[in-house]
1. State which residue is nearest to S126 (Cα to Cα) when the search covers only region 360-386 and only residues that are surrounded by 20 or more Cβ atoms within 10 Å (Cβ to Cβ) and at pLDDT 95 or above.
2. Given the condition under 17 Å from the mean Cα position of the chain (by Cα) and charged (D, E, K, R), answer yes or no: does some residue in region 64-84 qualify?
3. Suppose the filter is crowded, with 17+ Cβ neighbours inside 10 Å and touching a helix residue (DSSP H, G or I) at 6+ places or on another chain (Cβ under 8 Å); does Y260 pass it?
4. Kindly check whether there is at least one residue in region 302-315 that is small (G, A, S) and in contact with a Leu (Cβ under 8 Å, 6 or more places away or on another chain).
5. Restricting attention to region 122-175, and to residues there that are of a type in the set (D, E, K, R), under 20 Å from the mean Cα position of the chain (by Cα) and surrounded by 24 or more Cβ atoms within 10 Å (Cβ to Cβ), which single residue is farthest from C70 (Cα to Cα)?
6. Quick one: what pairs do we get from region 621-634, first residue touching a residue at least 40 places away in the same chain (Cβ under 8 Å) and surrounded by fewer than 22 Cβ atoms within 10 Å (Cβ to Cβ), second part of a helix (DSSP H, G or I) and acidic (D, E), C-beta under 8 Å, 6+ apart or different chains?
7. Test of understanding: among M564, M556, which residue is out of contact with any strand residue (DSSP E or B) (no Cβ under 6 Å at 6 or more places or on another chain), closer than 16 Å to I530 by Cβ and of a type in the set (A, V, I, L, M, F, W, C)?
8. Identify all residues within region 319-345 that are under 30 Å from the mean Cα position of the chain (by Cα), surrounded by 16 or more Cβ atoms within 10 Å (Cβ to Cβ) and of a type in the set (G, A, S); write none if there are none.
Amino acid sequence: MATVKQTYIFESGNELAAHAAKQINYHIMGYYPITPSTQVAEMLDSLKAQGKHQIDLIPAEGEHSAAGICYGASVGGGRVFNATSANGLLYALEQLPVQSGTRFPVVMNVACRTVSGPLDIKGDHSDIMYALNTGWLILFASSPQEVYDFNICAIKIAEAVHLPIIIAYDGFFTSHQKRRCEVFKNDEDVRNFIGEYTAPFSALEPDKPITIGSYMNEPDLMINKYQLHIAMEKSRKVAREVFEEFGELTDRYYSAAEGYMHEDADILLVILGSAYHTAKQAVDEYRNQGKKCGAVTLHSLRPFPSKEIVELCKNAKTVVIADRQDSYGAGGGNLSLEVKAALLTAGVMPKTITRIYGLGGQDFFLEDAKTLLGCGIEDTTDHFDYYPKVAGEKNEIRPFFEPISEQEASPGVISVEEDEGKFKVKGATINQTLKIPKRLAPGHGACPGCGIPVNVNLLLRGIEGNVVLLFQTGCGMVVTTPYPQTAFKVTYVHNLFQNGAATLSGLVRMYRSKQQRGELPEGEITFIMISGDGGMDIGMGSALGTAIRGENLIIMEYDNGGYMNTGYQLSYSTPKGAKSATSHLGENQYGKSFFHKDTPQIMAAANIPYVATVAESNPQDFIRKAAKAQMYARNYGTVYLKALSACPLNWADKPQNERSVIAAAVDSCYFPLYEIERGKTALNYNPEDSNKKIPIIDFLSLMGRTKHLKNEKYADVVREIQKETDRRFKRLKAMAENPLL
């Protein structure tokens, strides 16, 4: 019988994680959006706008920094929260042993997802298994109810043993599926359950100075890791006690592992996460047929519940272990290997069968669970296999389109000549460049009015000859390359947000190396990286490194002002005041709270030969700058172009109006058109000269995401935006007038 007041809500696993975090009222959340965990930060931001909690949500520029934010906050002695998935977890992985090795508790939710590549955003367990050796406690929830419950228990367990903890659950299955769940009715009851936290050490007590993260040699490091081991082992008892106390309050009891119909089962299916509930249905069907089957799942991956697994499996003749992840070449995924090791160590010797299933978010139906149990019933001799077997056929790799010859791509309509330290472009009119074949075909899946294909095609209209394109992850990549199709008529490469520029620079260097060795013919290829959807936030370090090395390539950013491919969260290029999924409107918030990043000026500070801004509202200027970019990239080094790129879906305007919205951005000087050529700035268009300059609110009011700023209560915000816009434009004009800048 529950002893605390509870209420029912209908929410998803992500939303329940946020609900628990709200009730705990953490001090800090450092985060970076990544599907399918992003909803956690989105809901917390929405609740913050409503004044429902005091958590300081800090948007990082990548998961590595988000983990650093959390670590820094934790050494300050407060309660800290995070959420991530897939490659985000891997990007942060370096920070995880730092957190555990210095013994500061943090709670992180991981909505498990396939690790790229190839890119797949659906759920399996290939990400969470990378965290097994990081010294973090790991709980695994099989339902939205467990996500909530484990989040309440996790902070209490972590603080008791001074270790960070992960709550893992299936991406899109548990993370997004809504269920009717019980939660504490009163936030105070949650806080009473977890108790006050007094950190044994804090970096915020000047009268008690400490050193955190010392350099260690033998035997000190050995002692440190042994103490971590002791803490991990201690957590077994602590978790049991916390789960028992939680059960007395809520009437929901948990253990490190649980079984269903396992006591007399001849055949057991060991399976993680949401698939456990499907496995129980399969057990029921087989039991109705007189076949002794059962199912087992784990709620704790670290520490691994060896004794509990042995106890649950000791009577079985065959144990089928289903892994939603493979440890390639090891004869099973990590779950399989550890279950087998636990049984062998205890001298319990049932036959074990491993099946790799559900990779890339493949659905797991009742018939699939019955098939896996059937492997034990039929007494198969295949101890390891994939289910289903999907080797596919070996096909010759060939272009989707007929290749564009260099001659076809070089109609000679563009002439670029160097004159007094600058490149002069002749020809390259809108009509003339129609002769250059499109490298990006119309057969893409972009939303109506999307600026990405418009900007990419305008860029390529100014570039003759052979082209290789690299796209960072983002909408531009997703809508053009749904396997096995492609919208590209030229060679295309993809890599993740944080590493696009470095990847392309490696390809450029290989091209030059092979030419120098006589392995490729003389000639020219223009290498272009297309970035957007926040790619110049998380990928800024890679881009700057490439620029500083002076690699011969073009970086073109389509700035759509948000992380659009994950459902529109704020990026550092989002306008101040704009509402997004992580900058909600409410009595406590007015949208994004800080100004957009001035990426062209940042890239110019790397002393690259050419930086320019371009807009589809000024197509002739766009094409001319693309032609210059090609010549600078070929002859001098890295080039950076930035286009303001429309996103009707998330800007909340109409596709047919996008060119006028872009023009308003230019005329308000929010997005001025200029170029920096070998360190010297030229203003290409000044709306003041033709009396076309408009107030910033005239641009912002054209988009639903910023239309609310017209309300008088946001007048101070608009004045701040106008003041900063004017400051940046005055500075730009002064630079253009100065012969040295």
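The values are calculated or read from the model by the stated rules, or taken from the named source; none is laboratory data. All of these numbers come straight from a predicted model, not from anything done at the bench. A quick note on method: Cβ atoms are made from the backbone with ideal geometry, for glycine too, and the neighbour counts reach across all protein chains shown.
1. F364
2. Initial filter on region 64-84 (under 17 Å from the mean Cα position of the chain (by Cα)): 64-70, 81-84.
In the following step, the residues that additionally are charged (D, E, K, R) were identified as none.
Within region 64-84, not a single residue is under 17 Å from the mean Cα position of the chain (by Cα) and charged (D, E, K, R).
3. Numbers: crowded, with 17+ Cβ neighbours inside 10 Å: yes; touching a helix residue (DSSP H, G or I) at 6+ places or on another chain (Cβ under 8 Å): yes.
So Y260 fits the description; yes.
4. Step one: of region 302-315, the residues small (G, A, S) are 306.
Next, only the ones that are in contact with a Leu (Cβ under 8 Å, 6 or more places away or on another chain) stay: none.
No; the residues of region 302-315 include none that is small (G, A, S) and in contact with a Leu (Cβ under 8 Å, 6 or more places away or on another chain).
5. We begin by selecting, within region 122-175, every residue of a type in the set (D, E, K, R); these are 122, 124, 127, 146, 149, 156, 159, 170.
Subset that is under 20 Å from the mean Cα position of the chain (by Cα): 122, 124, 127, 170.
Filter once more, so that each one left must be surrounded by 24 or more Cβ atoms within 10 Å (Cβ to Cβ): 124, 127, 170.
On the way: D124: 25, D127: 20, D170: 23 Å.
Only one residue fits best here, namely D124.
6. So the pair list comes out empty.
7. Values: M556 fails: out of contact with any strand residue (DSSP E or B) (no Cβ under 6 Å at 6 or more places or on another chain).
After ruling out the rest, the residue left standing is M564.
8. Hits for region 319-345 are A322, S327, G332, G333, S336.
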